1. Once you have the alpha carbon radius of gyration of segment 182-312, what is it after dividing by 2.2 N^0.38 Å, with N set to its residue count?
2. Can you work out the FRET efficiency for the pair residue 71 and residue 243, with r the C-beta to C-beta distance and R0 = 51 Å, to the nearest 0.05?
3. Taking only the alpha carbons of segment 116-220, what extent do you get along each of the three principal axes, in Å, biggest first?
4. So in the chain, what percent of DSSP beta bridges are antiparallel if you round to the nearest 5?
5. When only C-alpha pairs under 8 Å and at least 6 residues apart count, what is the relative contact order of segment 3-133, in percent?
6. From the mean inverse distance of alpha carbon pairs (Kirkwood) and the Cα radius of gyration, derive Rg over Rh for segment 243-313.
7. Note down, for segment 67-164, the three equivalent ellipsoid semi-axes (square root of 5 times each alpha carbon gyration tensor eigenvalue), biggest first, whole angstrom.
8. Can you give me the pair-distance distribution of segment 3-102, C-alpha pairs, 10 Å bins, whole percents?
């Protein structure tokens, strides 16, 4: 497990380059520290090091800290990579191999108050964007992503992930696996998309766009005038307060809407090109769409719904 902390100005993992190490001059070489300098840049390595003929010859790297003119760029600790492997990455410009090798476990990755571009690799990682407009990807493993303030673009990708947009307008996507997704608790506009798997999606306050994707999902849009799309699978949906649009197309599954409220302006909208009808079935209203999809308005009666709640196109 490695712990990576971004510097105060933010980090972009595409700029975490091990190939730059070949440009530096050695200014310190002990059994526990190896430091390279290239102009204002310092690359400080910790671990256990051995030398032959005054040249680094072996050992293990467990920490890497990069600074420019005294300002931290990043600090990553707690990994374990043989020196020979590290040198091989540098000599072959294998920057992606270095990033994936260092961050191969269940890692803690923390951003800055500014814009960060960060992602995990193998393992169950925790990524915290902090302030700024962040780009976070969990990739493999059951990851936890938190965007923090401002607009964030968050994707859990593979695994059963927990993704929270935080404050500001956010793009929150689960990917593969059974994910728990939250747009955030403020009244900003969030896009929350479960994608594959049986996902739980929360829009939060504000006018949000919440889509389940494939699988049997649970969607709760929260306050505001939301656009809610169960998509494929048999989904359970709560629109919350506000005039919500419940979208359905012909090849969707059977979606159950638990709190449909025509008096608040809720609408079932059928994608253009599909036939549809509504009927009272026991205690519920069932909208049937050509293609096999259904929307069940739990505990509602046709007579009480009035006009304008079911539209096409």
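Where a number appears in this text, it was derived from the coordinates with a stated rule and is not lab data. Small disclaimer: the values here were computed from a predicted structure and weren't measured. With ideal geometry, Cβ positions are generated from the backbone for all residues, glycine too; neighbour counts draw on all protein chains shown.
1. Expressed relative to 2.2 N^0.38 Å, the Cα Rg reads 0.96.
2. 0.55
3. 33, 32, 13
4. Details: 44 of 105 bridges.
DSSP beta bridges in the chain are roughly 40 percent antiparallel.
5. Here the relative contact order equals 28 percent.
6. 0.92
7. Numbers: eigenvalues 115, 65, 22 Å².
Result for segment 67-164: semi-axes of 24, 18, 10 Å.
8. The percentages, shortest bin first, are 16, 53, 29, 2.
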